[in-house]
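Asks: Quick one: this structure, given as structure tokens, is what I'll be asking you about.
The values are calculated or read from the model by the stated rules, or taken from the named source; none is laboratory data. On a predicted model such as this, the values are computed, not experimentally measured, just so you know. Backbone-built Cβ (ideal geometry, glycine too); neighbour counts: all protein chains shown. For accessibility, only protein heavy atoms count, side chains too; no ligands or nucleic acids. Shrake-Rupley method; radii C 1.70, N 1.55, O 1.52, S 1.80 Å.
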Amino acid sequence: MALTTEEIRELRAKYYNATLIELFTPQKALWIFRVKPDKGLVPFKSGQYTTLGLGIWEPCVTGNGPETIKPGQEKQLLRRAYSVSHPIVDSKTDKLYTPTAIDFFEFYVTLVVNESSTPTPPRLTPRIFALKKGDRLAFGPKMTGHYNLDGTKKSDQIVFFSTGTGEAPHNAMIWQLLTGKHEGPIVSVVCTRYAADQAYRSLHEKLAKDYENYRVIYLATREANQPKLYPQNLIEQGIFEKQSGMKLDASKTHVYLCGNPSMIGRPEMVDGKKVYPKPAGLIEILEAKGFTVATPTQPGNIHFEAYW
Ligand SMILES: Cc1cc2nc3c(=O)[nH]c(=O)nc-3n(C[C@H](O)[C@H](O)[C@H](O)COP(=O)(O)OP(=O)(O)OC[C@H]3O[C@@H](n4cnc5c(N)ncnc54)[C@H](O)[C@@H]3O)c2cc1C
């Protein structure tokens, strides 16, 4: 049942508590955007996430296939989790952002459209990608998640592996490490399908020039002129050590994995035994090198955040 303009106005006033203040569109289906909550910033640890939401009543981008909207759902809010990203360097000063110089949260989001004619449950990203600067949305009340730098030491080696927009929390953590004058080496591996999906690349290449202890490695798995390498292949084929200059020594390294569950490769417990997905993900490869997964109750040096 279609809602009236007045009903939509009331629902927006009831749910929306933040404004999209800045929008960068490296690609039609890949956005970096900044959100300012009405009540100001909430405390957060680099690496954590919050939720963003829009009403099911909001329009979707052109090209999104059909959705099944059940009776009674028209007035509901769709919420999804989003890691907080970070611009790292203030373009006005060309220096690292100071903690108090930011009055927004930055997000890095990819559009997931339904490309088929089979209806899917309503999705949020086709609605986000129909927004424009100045539009309103719902911002989660707090930041959550154990994916952060707690437990790392200044001298530790820190390695980030991401696929696609899984780079978002790493940007916030890299900002924290550089701002805190981290002493150990930091390496970030970013894997996307195409080079055009690497929206923060020029920023990271500049950081790698400016900071002796920071290196970045970009992989694009569907570019005709590049080898099809996934983060797992980098380690298995010894390319990671050569390109980063870092030995993956479990006694002094923390590894962060974010994005596609296949890269992460979380094992399942079957009859008290770990069963790893095939082909091997990074957890299996790293555990074989002496790393252990950190859990909310047990310390470890593999940290991960799966996006689905
Ligand atoms: C803790 C956490 C943090 C997250 N942070 C981010 C983030 O910073 N940026 C971001 O783009 N997404 C992030 N996600 C995913 C996000 O919550 C949504 O699932 C995603 O934006 C798609 O939402 P949707 O409603 O359009 O489709 P959904 O119905 O939620 O998902 C439909 C399908 O899209 C695929 N999918 C979901 N997320 C992605 C993705 N990022 N890239 C490619 N395919 C995907 C999956 O196959 C999923 O089954 C995060 C998820 C979690 C759990």
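Asks: Any residue at all in the stretch 258-267 that's charged (D, E, K, R), within 19 Å of Tyr307 (Cα to Cα) and touching a residue at least 40 places away in the same chain (Cβ under 8 Å)?
Replies: There is at least one residue in the stretch 258-267 that is charged (D, E, K, R), within 19 Å of Tyr307 (Cα to Cα) and touching a residue at least 40 places away in the same chain (Cβ under 8 Å).
Asks: Among residues belonging to the stretch 1-36 that are more than 16 Å from Lys133 (Cβ to Cβ) and in a strand (DSSP E or B), point out the one that is modelled with the highest pLDDT.
Replies: Leu30
Asks: Exactly one of (1) within 19 Å of Glu167 (Cα to Cα); (2) more than 16 Å from the ligand (Cβ to nearest atom) is unmet by Ile239. Its number?
Replies: (1)
Asks: Restricting to the stretch 111-135, count the residues that are among the β-branched types (Val, Ile, Thr) and open to solvent by less than 60 Å² (accessible area, probe 1.4 Å).
Replies: Summing the residues that are among the β-branched types (Val, Ile, Thr) and open to solvent by less than 60 Å² (accessible area, probe 1.4 Å) in the stretch 111-135 gives 4.
Asks: In the stretch 116-150, what count of residues is obtained for those that are free of Cβ contacts under 8 Å to residues at least 60 places away in the same chain and away from the ligand (no atom under 16 Å from the Cβ)?
Replies: Going through the stretch 116-150 one residue at a time, the tally reaches 1.
Asks: Of the residues that make up the stretch 204-225, is at least one within 20 Å of Asp90 (Cβ to Cβ), assigned to a loop (DSSP other than H, G, I, E, B) and under 16 Å from the mean Cα position of the chain (by Cα)?
Replies: no
Asks: For the stretch 151-172, how many residues meet the condition of being of a type outside the set (Asp, Glu), within 13 Å of the ligand (Cβ to nearest atom) and open to solvent by less than 10 Å² (accessible area, probe 1.4 Å)?
Replies: Residues in the stretch 151-172 being of a type outside the set (Asp, Glu), within 13 Å of the ligand (Cβ to nearest atom) and open to solvent by less than 10 Å² (accessible area, probe 1.4 Å): 7 in total.
Asks: Report those helices (runs of 4 or more DSSP H) wholly inside the stretch 231-308 carrying at least 1 residues which are over 18 Å from the mean Cα position of the chain (by Cα).
Replies: 231-236, 239-244, 282-287
Asks: Any idea which residue in the stretch 192-203 is surrounded by the most Cβ atoms within 10 Å (Cβ to Cβ), counting only those that are touching a residue at least 60 places away in the same chain (Cβ under 8 Å) and part of a helix (DSSP H, G or I)?
Replies: Asp197
Asks: Here is a follow-up. Being more than 16 Å from the ligand (Cβ to nearest atom) and surrounded by fewer than 17 Cβ atoms within 10 Å (Cβ to Cβ) is the filter here; which residues of the stretch 80-95 pass it?
Replies: Residues satisfying the conditions are Asp90, Ser91, Lys92, Thr93, Asp94, Lys95.
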